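These notes concern the structure reproduced below.
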């Protein structure tokens, strides 16, 4: 739209505090929160149930972690995290 100054959210990178099997052919956006590891470093922890029927977790999540297509996630892998504040602000 003319005069629209909005840009795409970029988020930031953070380590995964979880493991996940190889994703499919689509990029996955999972509801997640950020947690401190005790040394002041933030990491991503997803909600256990990512089913579309459990959208209530959106109200508790801090943002979305992105898992690229055909990617498995190991503990401490770096993922992109987009906080909801960046999407709504």
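Conditions first: (1) surrounded by 14 or more Cβ atoms within 10 Å (Cβ to Cβ); (2) at pLDDT below 95. Residue 52 passes all but one, so which condition is the exception?
That leaves (1) as the condition not met.
Take the conditions loosely packed, with under 15 Cβ neighbours inside 10 Å, in contact with a helix residue (DSSP H, G or I) (Cβ under 9 Å, 6 or more places away or on another chain), part of a loop (DSSP other than H, G, I, E, B) and modelled with pLDDT under 95 and apply them to residue 4. Does it pass?
Working: loosely packed, with under 15 Cβ neighbours inside 10 Å: yes; in contact with a helix residue (DSSP H, G or I) (Cβ under 9 Å, 6 or more places away or on another chain): no; part of a loop (DSSP other than H, G, I, E, B): yes; modelled with pLDDT under 95: yes.
No, not satisfied.
Taking region 69-78, which residues are on the phi > 0 side of the Ramachandran plot and in contact with a strand residue (DSSP E or B) (Cβ under 9 Å, 6 or more places away or on another chain)?
76
Against the conditions (1) within 10 Å of the chain's Cα centre (by Cα); (2) in contact (Cβ under 8 Å) with a residue 40 or more places away in the chain; (3) in a loop (DSSP other than H, G, I, E, B), where does residue 76 fall short? Just the number, please.
In the conditions (1) within 10 Å of the chain's Cα centre (by Cα); (2) in contact (Cβ under 8 Å) with a residue 40 or more places away in the chain; (3) in a loop (DSSP other than H, G, I, E, B), residue 76 misses (1) alone.
Among the residues of region 4-43, what is the count of those that are over 25 Å from residue 55 (Cβ atoms) and without any contact (Cβ under 8 Å) to a residue 12 or more places away in the chain?
Here the count works out to 7.
For region 28-68, how many residues meet the condition of being in contact with a strand residue (DSSP E or B) (Cβ under 6 Å, 6 or more places away or on another chain) and assigned to a loop (DSSP other than H, G, I, E, B)?
5
The values are calculated or read from the model by the stated rules, or taken from the named source; none is laboratory data. Just so it is clear, the model here is predicted, and its values are computed rather than measured. Cβ coordinates were reconstructed from backbone atoms using ideal geometry, including for glycine residues, and neighbour counts include every protein chain displayed.
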